[in-house]
Structures are given as structure tokens and as C-alpha cells.
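The values are calculated or read from the model by the stated rules, or taken from the named source; none is laboratory data. These figures come from a predicted structure and were not determined experimentally. We place every Cβ from the backbone using ideal geometry, glycine too, and count neighbours over all the protein chains shown. These area figures cover heavy atoms from the full protein model, side chains too; ligands, DNA and RNA do not enter into them. Shrake-Rupley method; radii C 1.70, N 1.55, O 1.52, S 1.80 Å.
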Amino acid sequence: MDEISSLNPCYVNADIELEKSPEKFSIKLPRGNWCYYWEGLNGENTYEIRKRRTRELLELELSRDLGIKVRFAGIYDEGPEIMDSLERAVGREDSSRGKKNGLDILLVNPPPWGVENPPLSLAFLSRYAREKGFSVESLDLNLKFYKKVSQEWKLLWHVENKNFWARDETYPLVESIIEEFLEKSAEEILGKNPSLLGISVVDGKERVTISLIKRLRKKGARFPIILGGPSASTSQARQIFADRIGEEILCYVVGEGEETLIEIARRVKEGREIDGVRGAAIYRAGKWSYLPRPPITPLDSIPYPDYHGFRIEEYPGDELFLEWSRGCIGKCAFCKNPRLVKRYRYHDSPWVVAGIEDYFKRLAVKKFTVVDPILNGYLPQVEGICDLILKKGIQVEWSGQIAPRRDMSQELLQKMRKAGCYKLQIGVESGSRKVLKRMKKFYTEEDAEKVIRWAKEAGMVVEIFIIVGFPGEGEKEFYETYDFIERNAGYIDKIKSINTLHLIEDTDVYTHHKDYGINLPEDNWHYLWWTEDGNDYQTRKRRGETLLRLAWDLGIPVQETNFREGKEHRVSNLLELREAVNSLQKLTPPVKEVVKVVEIEDKKRINALEEEKKRLKEELDSILQSRGWRLLKRAVRLKRGLRLSLRRILLLPRLLLLLVLTFCVESYLILKKRCKNITVFPE
């Protein structure tokens, strides 16, 4: 025997004979996580017994040093208190401390990021690597840090406060709050001592990632480190790492990470150089080298995430994220996605529904969000997913973001609702056809209005996105968006965001900003850009606030804005940081004054005023009924009659003059006719 592929306690999975007929095997399935906690009818063969036996067998093999490699050993406890996950591979020397170690890959998600759900990207990479024979663990530092900070700092994770993490001036203050957690996390990673450490980075995570890597190297970590994610996908985004810790990074994974990660991990394991790995950008001697990797096809060759090793119960959200496709069919001028993912691909309907059914049965998850840039990129796929869900009778709810396609039928929206789609977020962005065309949208405001109304009539919650101030938007175009929201208010449940246009590197509107008439200042150009026709930040902010007030008046909730841009520049110490972090943009209408309870003294005063009002009314009635008032009304009427008579009298001279002039003209014409014998008026 050369290898033990996996060593696990016996689990009861859904739809197997043990689950369908437990009495046949003399076992009972408790409520909740019966997959793990089933036991014999007499209380023997409990999960604790199975876990102990698994550990004993593993330790026996290790202690005897039989030369048999245990590829994977999984011991899980998914109760609310404990989850014990053990992955060991035997026979390799520790890369930094000389100990035996079995962890091939450690994937880390640093803050800041959403904390409601497990990170989907790490879940994809983790399962793909395990199925390729590597031992993998995922470490969600983002969730750990969020749970450990005091309540006064939790809003650092709010999207409005991302810039505090992303600015050199304010990040040291943020690090002083999380420094203890960074130190402990570095020790934890060092203790795991993986053969390869991968860190996911997006905008906002750069500085905390750099700090973590410096701490690891300072503590003696010698394992290679790679970075992946949007902040590793372009040379401009990567430059901060190259400038500050360039020698510490083995390479940067660009775009889809599954195949690139495996090739890098395999070369590291074999002790080979990574030069020539497609999808990996390498920085050496001040220069970048990069060979692009073709998109993964078919997309179904990637297994859906199984969330092995994730403590799902620790996440406060009640849903999981889903992937139905990669890329987008649109080429929006303000979006970075067309540069990051060159080609749109979609999973087949059975692949998608298999994942949903597995999560529903194994993890008891009934709610999902499709996080693709566009859920309805390929309409037959959407319809196929709905048909399968309905056929299988899976009672789940799901939502996602769509584009208001002209060819999306009302019947499909109704079918989506029947299949569990309870909410759609629609990228309207503008109510002006001219602006939508400038944005390179493939739909019009009429298409958007139709889809919004059909979705609402189908019974879905409808949310929309709005961008204010795209180049070419004047007051006329802005008020077209204003009117669009106003006339569709009855069909819009929430405005997901009202944002002024921010320029992002590698988007079309940034790369070709001169073609759009955009001028860039030296500092903070991403939001302080301006055009010659008066489109500056203050104008955009004013328009955004106008739409916010409109939403208040119409009773439409607004989830987020970016009108507080630049507040990080007013922070220089922790007290100012705390105040700024906790002073978010107010997105609810001003509260009306609460009417106080009227005391007895106030009631007496009100009664006196009521009496005075009654007395004055009686006096007014007596005046109106008096003889003097009647004479006054007659005098007024007489005055009006005299004025009208005078006007008519004054008109008489004008009428006489007009008659005389008419007589003179007629006489002249008759005389002229007789004298010259010319027909002036035909008979």
C-alpha cells in the first residue's frame, strides 16, 4: 500500500441508503447536523467515538513511520462551539523549521471584506486544489478581525470607510487597532507552515497584506507567498506590492486562479522555478513578465465549492454565494470586469442546480445570492436552471444582478419567480438614452422600465443602481434620470446605490479619459475629475443628493452612496478616526418632530385660545350682517359699474376714427377705378 487517500469518520450523506433507511442499519438521525452526529440506537457508535478512533488510526500510522502517506484526514465538528479540522500529509520536511509538515496550500482572506458569508473565491480554489491532490486550508482573517474588534470599530468594515484602509495617511491608525490580531495571525500562519501561502487582495486590502507579510518574514517564515485577486490583476494595481515588498512575493496570479494556483503549487512542491507559468505575473529587476492563461473551458470542469473547512455557522448571514457564470456580455465604460475577464462563459444548468441541491440537503441552506456581474447573460441557461429547480421541487430562494435586456420576456421573469427568485438588482445606471449610449450600455431606458415593471409584477423585490455625472450628462440628462425614478417609483423597492462616477484604473472611461473630455487633477483624481462643460465633483454631488431627496419623498429606501468621499483627509488621530468611522452618510429622511404629550397647563392655554377664536368669529359675523357693511358693498359695486361705463365711453372716439378711415379708403379705390378703367376687384 503506497498511500491512504483519505481517512475520515463515517458520515451519513443525503440520499444514500444510510439516510433513507436508518432503522435498517440500527442507527438514529438527530435533528440538525445528522450527517456528523448520527449514532447507534443504544447510544453506541457516537460521533466522539468515531472521531477518537480516526485519530488513533492516524497517529498509529504516523508513529510507526510506515512510509505510507496519508493524503487527507478530516475530523469535523460542526456544532456551534467547536470545529476541528485536521489535514495532514506525511513525509515532507518543513520548509522553514525542519519539522514534518503536510499542508500544501494555505489560502488567506485579509480584511476588509464582507463578513456575512464565506469568501466564494477561496472556496472555489480550496476544492479545486484538493481534487488535484493537494492538502489545503482556508483562513478567513477578515471574519476573525471583525469579530475581535470592539463595537466602536466595526464600521471600519462598512463600504463607506474603505478608504481608511487604503490611504497611507490613515492606515497606521487602523493598524494600531488590529495590531494584536495581526501578530497572532502571523503566528498562526507560521504554525501551519504551508508549502505555499496564497493571499486574496482587492482594493483596500493592500496595506494590511503588506504588513502581514512583513511580520511573517520577520518571524522567520521562508515559504513562498503569492497574491491573487483584482489588486493583483494589473501592473498598476500590483505596483504597491512591487515597491514595498517586491522580493517577498513569488508571483501574482492574474485572472482565474484555479489552474494557475495548481501549476505554481506543483512546481513549488517539486522544487522547480515558476518561470513560464501562464497566468502568473513575475516582478524581477524592476520589470514585469507575464504570459496570459487562456480562459478555463469548459467552465463545468471546475467543481462547485463544498465549503470544506469553513465554519459556516460563524458567519452571520443566512445565505451562500453562487457562481453561474464568469465574465460579462457587456462592455460598460466605467467597469473593470471586461479587462479582468476577457470572455463570457457560463455553467450548464445541471452543474448549477447540483450545487444548490447539495447545499440545501447537506448544509440546510435555503437562500442564495448569485454574485456574477450579470445573472442573465445567457437566457437559455437561466430558464434551464429554473426548469430543473421546479422539476426537483427544491424549495430555495435566490437573487442576483441582471441587465435589463430587451429580449428578456415577461414569461421568463414569471418562471424565475416560481423557481425561487425573490429579488433582482437591475443595473439601470441612468434614465437618459444619451448617457446610456455613452456608458456603452446595450439597452435603453425603455428596456429598463419594461423589465423593472415586469419583475415587480411577477412578485419580485426590485432594486436598481444609479450613477450620477457620467461625462456627457447635463442638467437635461440628469432630470431624465430624475423623471425615470419618479414615474417608476411604484415598481422600485430600493435604490441599491446612488453614486457619483468614480474613475477606476483600467476602465475604458479612465484609459481614454481625454476622449470623454475628462481632466484629471494630480491628487484624488478618481473622484475630483472634471470636464469643461461644468461636470465637476460638486455638481455631481449636488445631483446625487437631489436624487436622494427624491427617493425620500417617494418613500424609496437607499442603501448606499459615495457622497462622503474625502472624509479620510480630515483624520489625524484615533479620536478623529472613531468619529469619522461612525458618522456615515444619512440615508433615511429627517425624522419629523415628535409631538409632546400635552400637560394640563398647556390644555388650559389651548382652551383659552379656542374661546378667543370663537369670540372673534362671532364679532366678524356681526360686522358682516350690519347695515354699514351692506352700504359698503353697494358702494363698491357702484364704483365698479362707473369704471366699466367710462371705459366704454372712451372707446367711442376710437370707433369713429376707424369708420372715417374706412370711408376714405373705399372712396379712393372707387375713384381710381373710374379714372383708369382698371379692374381692381374682380366681380
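Semi-axes of the equivalent ellipsoid for the range 361-449, computed as √(5λ) from the eigenvalues of its C-alpha gyration tensor and ordered from largest down, come to 28, 13, 10 Å.
Stretching the chain fully between Ile49 and Ser667 yields a gain of 209.4 nm (0.36 nm per residue, less the alpha carbon separation). In this label model, His512 and Leu584 are separated by 3.7 nm, measuring between points 7 Å along each Cα→Cβ vector. The alpha carbon centroids of the range 190-239 and the range 250-269 are separated by 14 Å.
Relative to the dominant Cα principal axis of the chain, helix 445-457 is inclined by about 70°.
Relative to the longest principal axis of the chain, what angle (0 to 90°, nearest 10) does the C-alpha long axis of helix 349-362 take? Roughly 70 degrees, rounded to the nearest 10. Kindly work out what percent of the DSSP beta bridges joining two residues of the chain are antiparallel, to the nearest 5. In the chain, DSSP labels about 25 percent of beta bridges as antiparallel. Taking all protein chains into account, the per residue accessible area for the chain stands at 53 Å² (1.4 Å probe). For Glu397, the residues whose amide H sits under 5 Å from its own are Lys367, Phe368, ignoring neighbours fewer than 5 places away on the same chain, with H placed 1.01 Å from N.
Report for the range 439-579 the percent antiparallel among DSSP-assigned beta bridges with both residues inside it, nearest 5. Taking every DSSP beta bridge within the range 439-579, about 20 percent pair in antiparallel fashion.
In deg cm²/dmol, rounded to 500, what helix-only [θ] at 222 nm does the chain give when every DSSP H run of at least 4 residues adds -39500 (n - 2.57) and the total is split over its residues? Display every interim value, and only then the final one.
Details: 23 runs with 292 residues, N = 683.
Value at 222 nm, helices only, nearest 500: -13500 deg cm²/dmol.
Give me the percent of the accessible area of the chain that comes from carbon and sulfur atoms, probe 1.4 Å, all protein chains in place.
Working: 19260 of 36290 Å².
Answer for the chain: carbon and sulfur cover 53 percent of the accessible area.
Of the trypsin sites (Lys or Arg not before Pro) in the range 95-172, which ones lie in a loop per DSSP and count no more than 11 other C-beta atoms within 10 Å? Working shown, then result.
On the way: sites: Arg97, Lys99, Lys100, Arg127, Arg130, Lys132, Lys144, Lys147, Lys148, Lys154, Lys162, Arg167; in loops: Arg97, Lys99, Lys132, Arg167.
Here the trypsin sites (Lys or Arg not before Pro) that fit, given the DSSP loop and packing criteria, are Lys99.
Peptides 466-474, 623-631 ranked from most to least packed, by the mean per-residue count of other Cβ atoms within 10 Å: 466-474, 623-631. Projecting the Cα atoms of His513, Phe484, Ala458 onto the charge dipole of the range 451-520, computed from C-beta unit charges around the Cα centre, puts Ala458 farthest toward the positive end. The angle between the Cα long axis of helix 537-554 and the longest principal axis of the Cα atoms of the chain comes to about 80 degrees, rounded to the nearest 10. Each residue of the range 506-513 was assigned a 3J(HN,Hα) from its phi angle through the Karplus expression (A = 6.51, B = -1.76, C = 1.60, θ = phi - 60°), giving 6, 8, 5, 5, 7, 4, 10, 4 Hz with x at Gly and Pro. Amide H contacts for Ile4 (H built 1.01 Å from N in the peptide plane; partners 5 or more residues away or on another chain; cut-off under 5 Å): Lys69, Val70, Arg71.
Among 179-191, 195-207, 286-298, how do they line up by average Cβ neighbours within 10 Å per residue, starting with the highest?
On the way: 179-191: 15.4, 195-207: 22.6, 286-298: 12.5.
Averaged packing, sorted descending, gives the order 195-207, 179-191, 286-298.
In the list [x] 62; [y] 38; [z] 47, the label attached to percent of Cα pairs over 40 Å apart as derived from the coordinates here is [z]. With a simple spin-label model that places each label point 7 Å from the Cα along the Cα-to-Cβ direction, the separation between Asp523 and Arg634 comes to 8.3 nm.
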